[in-house]
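Quick notes on the structure that follows.
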Amino acid sequence: MLVFTLAMALLGQPPLQPAPACAAPVACLTPIAQPHPSVQDGAVLIGMNEVIVISLDEAGANPTLVATGDEAAKRALQPGELRFRMEGMGGTMLSVESKHGRWLNYRARMGLGGGRPTSVCTLGSGLSAFESWQQAIPYLTLDKFTPTQEGQMVCR
C-alpha cells in the first residue's frame, strides 16, 4: 500500500459487505445502510467525497461529532478539533487538519466499522497531513486516537 505523508493528520466511516463473486476485496465492498460521515462507538466513519469535523478530549481520546458536509468544510477549526476530508480520482486522498493540542497516533482501516488495516502517520499539533492510496477506497474507519510525544512522527 502506497502512503505519502506530506505533513501530519487524521479520519473514518460505516460497515461493508463483500459483493458476490468479487476478485478485488477493497474495490468490491458494498456499503451497509448506515449514516456517514459519523462517529460511532469511538470510531470516525468517512466515505469518498465526504468531510467531517470531530473533537477529541484533552487526553486525545473520545471522538465527538462536531460537523459534516458543507458546514464541516467551511468552519474554522476550534482548539481540540480535527477535520478529515476524503477525496479521489482513481486513487484515494485523505487530508487531515489538526487543531488538537497534542500529537496523535491513530488507526485507519479500509471499510465501515472495520476492515483491513492501512498505514497512516502521526498527526502533529496544529499541522495538516495527507495520506494517499493508489486504489479507490469507498470508506475508512478511523479510531484508537492516542496522544504521543511531540515531534515523534511514526508511520505504520
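When +1 charges are put on Lys and Arg Cβ atoms and -1 charges on Asp and Glu Cβ atoms, the dipole computed for the stretch 51-152 relative to its Cα centre reaches about 180 debye. Ordering Met86, Met48 by the number of other Cβ atoms within 10 Å of each residue's own Cβ, fewest first, gives Met48, Met86. Net charge dipole, the stretch 84-142: roughly 200 debye, given to the nearest 20, about the Cα centre with Cβ charges of +1 for Lys and Arg and -1 for Asp and Glu.
Of the trypsin sites (Lys or Arg not before Pro) found in the stretch 45-83, those in coil by DSSP whose Cβ has at most 15 other Cβ atoms within 10 Å are Arg75.
What full-extension length gain, to one decimal in nm, is calculated for Asn49 and Ala76 as 0.36 nm per residue of separation minus the Cα-Cα distance?
Extending this stretch completely gives an extra 7.8 nm.
Ranking Leu77, Pro138, Gly115 by Cα position along the charge dipole of the stretch 28-148, where only Lys, Arg, Asp and Glu carry charges on their C-beta atoms, puts Gly115 farthest toward the positive end. Taking amide H atoms as placed 1.01 Å from N in the peptide plane, the amide H of His100 lies under 5 Å from those of Gly80, Glu81, Gly126, each 5 or more residues away in sequence or on another chain. The residue among Met153, Gly124, Ser95 whose Cα reaches farthest toward the positive pole of the charge dipole of the stretch 46-156, with charges on the beta-carbon of Lys, Arg, Asp and Glu, is Met153. Rounded to whole Å, the principal axis extents of the Cα atoms in the stretch 28-148 read 38, 27, 27, largest first. Compared with the direct C-alpha span, the chain from Arg116 to Asp41 gains 25.2 nm at full extension, assuming 0.36 nm per residue.
The numbers here are math on the coordinates, done by the rules we state, and not lab data. As the structure is a computational prediction, the values presented were derived from the model and not from experiment. Because the Cβ atoms are built from the backbone with ideal geometry, glycine has one as well, and the counts that use them run over all protein chains shown.
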